[in-house]
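Participant: My questions will all concern the structure given below.
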Amino acid sequence: TLLRAHAKAYRLYDSTFRATQKGKIGITLNATFKKALNNVTEDELAAVRSMEFESGIFAHPIFSKEGDYPRIVRERVDYNSKREGRSTSRLPKFTQEDIDEIKGSSDFFGLNHYSSRYATSGLVGSDPSMERDSGSLLSYDPAWKTAKSSWLKVVPWGFRGILNRIRTEYNNPPVFVTENGYSSDGALDDDDRIQYFQDYLEEMLKALHEDGCNIIGYTVWSIMDNFEWLAGYSERFGIHNIDFSDPKRPRKKRKSVEYFKKLMKTRELPDV
């Protein structure tokens with residue numbers, strides 16, 4: 001439903017508004033990079049499967065040459081659906097008309113990326129579930145720094161990894177990084193956040209200049225603190241602090257604001 005709705009909106013803009021407005025339509029996907037835990041084929045395949053089930057299930061129908069869901073996603077869900085005694089697959093099938101309409105329905109790849117994981121082959125999660133369908137066990141190195149959000153492990157090389165996966169899997173589409181950021185407890189001196197951005201942006205520049213990834217933009221998450229899903233106001237992503245205890249919601253700049261002011265002024269990564 002999401003993919004069909006997106007494609008119809010894209011085609012409507014194409015046929016009715018693009019000629020006069022000359023705008024671009026994209027889709028933004030969350031994508032965590034997965035690397036094999038061990039240097040064995042089973043883990044390499046598990047890493048790929050996990051990424052296909054997380055972001056490929058949306059990206060492949062739009063950005064791949066053939067369209068439709070990733071083959072491994074289709075095969076595993078169909079197999080598990082049959083094993084569960086279902087008469088039809090839990091993953092609905094697209095018509096050829098759907099495939100043709102969805103394929104190519106984005107002018108750029110919007111990327112939300114924060115962290116990465118290791119993957120190994122195995123079963124986890126309830127049955128049925130996306131985790132069990134993918135057959136991938138995810139883990140992280142205990143040495144990786146953790147942000148205020150327990151899920152946000154600092155893994156700069158994974159940023160370069162996911163950008164290159166998009167480049168190789170989807171014929172190097174324009175990529176706009178729509179979210180990338182670090183959560184803290186709210187301190188104004190946010191050196192950990194600055195270091196996160198420094199390390200991640202270094203990897204993004206390698207992907208751009210050394211690997212040839214077609215990166216057209218980057219935006220920070222976030223300009224200011226916000227209500228963060230289940231964490232409420234306890235996890236702060238903003239480069240501006242907001243005092244949520246004050247009805248006027250006063251704002252103060254964090255140290256990371258100066259980092260980005262220097263970056264934008266010099267167009268170079270500042271010394272940190």
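None of the figures in this text is laboratory data; all of them are computed from the coordinates on show. Worth saying up front: this structure is predicted, and the values here are computed from it rather than measured. A quick note on method: Cβ atoms are made from the backbone with ideal geometry, for glycine too, and the neighbour counts reach across all protein chains shown.
Participant: Hey, with R₀ at 25 Å, roughly what FRET efficiency would S150 and D246 work out to, going by the Cβ-Cβ distance, to 0.05? Walk me through the intermediate numbers first.
Facilitator: On the way: r = 28 Å, r/R0 = 1.11.
So the FRET efficiency works out to roughly 0.35.
Participant: Assuming 0.36 nm per residue, please report the length gained on full extension of the stretch A19 to E202 beyond their Cα-Cα distance. Could you put the intermediate results ahead of the total?
Facilitator: On the way: separation 183, 0.36 × 183 = 65.88 nm, distance 3.74 nm.
Answer, rounded to one decimal: 62.1 nm.
Participant: On a full-extension model of 0.36 nm per residue, what is the gain between A187 and S139, subtracting their alpha-carbon distance, rounded to one decimal in nm? Before the final figure, lay out each step's value.
Facilitator: Values: separation 48, 0.36 × 48 = 17.28 nm, distance 2.89 nm.
Once the chain is fully extended between A187 and S139, it gains 14.4 nm.
Participant: What's the angle, to the nearest 10 degrees (0 to 90), between helix 2-16's Cα axis and the longest principal axis of the chain?
Facilitator: 80 degrees
Participant: Quick check: residue separation of L230 and E268 times 0.36 nm, minus the Cα distance between them. What number comes out in nm? Each step should come with its number before you reach the end.
Facilitator: Numbers: separation 38, 0.36 × 38 = 13.68 nm, distance 3.58 nm.
So the extension gain works out to 10.1 nm.
Participant: Highest mean first, how do 14-21, 132-139 rank when packing is the count of other Cβ atoms within 10 Å averaged over residues?
Facilitator: Numbers: 14-21: 10.4, 132-139: 20.6.
Top to bottom by mean Cβ count within 10 Å: 132-139, 14-21.
Participant: Applying the Karplus parametrisation 6.51 cos²θ - 1.76 cosθ + 1.60 with θ = phi - 60° to the phi angles of the stretch 66-72, what ³J(HN,Hα) value in whole Hz is obtained for each residue in order, glycine and proline being reported as x?
Facilitator: So the J values, rounded to whole Hz, are 8, x, 6, 5, x, 4, 5.
Participant: Taking the stretch 60-117, which trypsin sites (Lys or Arg not before Pro) meet the DSSP loop condition and have no more than 15 other C-beta atoms within 10 Å?
Facilitator: Working: sites: K65, R71, R74, R76, K82, R83, R86, R90, K93, K103, R117; in loops: K65, R86, R90, K93, K103.
Answer in residue order: K65, R86, R90, K93.
Participant: What is the distance in Å between the Cα centroid of the stretch 237-270 and that of the stretch 85-161?
Facilitator: Spelled out, the Cα-based centre of one part sits 31 Å from the other.
Participant: Going by average Cβ density within 10 Å per residue, which order do the peptides 241-251, 211-221 take, highest to lowest? Mind dumping the intermediate values first?
Facilitator: On the way: 241-251: 11.8, 211-221: 16.0.
The packing order, highest mean first, is 211-221, 241-251.
Participant: Set the Förster distance to 22 Å, then compute FRET efficiency between D211 and K261 from the Cβ-Cβ distance, nearest 0.05.
Facilitator: Values: r = 28 Å, r/R0 = 1.29.
The computed FRET efficiency comes out at 0.20.
Participant: Post the alpha-carbon centroid distance, the stretch 180-222 to the stretch 37-61, in whole angstrom.
Facilitator: If we compute the Cα centre of each part, the gap is 24 Å.
Participant: Add +1 for every Lys or Arg and -1 for every Asp or Glu among the other residues with Cβ under 11 Å from the Cβ of D68, and state the total. Write down the numbers at each step before the final one.
Facilitator: On the way: positive: K65, R71, R74, K93, K103; negative: E66, D98, D100.
With Lys, Arg at +1 and Asp, Glu at -1, the net is +2.
Participant: Here's a follow-up. With both bridge residues required to lie in the stretch 2-266, what share of the DSSP beta bridges run antiparallel, to the nearest 5%? All intermediate terms of the calculation are to be shown ahead of the outcome.
Facilitator: Values: 10 of 25 bridges.
About 40 percent, rounded to the nearest 5.
Participant: Further, regarding this structure: Give the calculated FRET efficiency between E97 and T41 to the nearest 0.05, with a Förster radius of 51 Å applied to their Cβ-Cβ distance.
Facilitator: Details: r = 37 Å, r/R0 = 0.73.
It comes out at approximately 0.85.
Participant: Also, I was wondering about something else. Restricting to Cα pairs below 8 Å that are 6+ residues apart, what does the relative contact order work out to for the chain? Please round to a whole percent. Don't jump to the answer; show the numbers that get you there.
Facilitator: Details: 474 pairs, mean separation 45.2, N = 272.
That works out to 17 percent.
Participant: Sticking with this structure for a sec: How much net charge surrounds I102 when only the other residues with a Cβ under 10 Å from the Cβ of I102 are counted, with Lys and Arg +1 and Asp and Glu -1? Write out the running numbers ahead of the final one.
Facilitator: Working: positive: R4, K8, R11, K103; negative: D68, E97, D98, D100, E101.
Around I102, the surrounding residues sum to -1.
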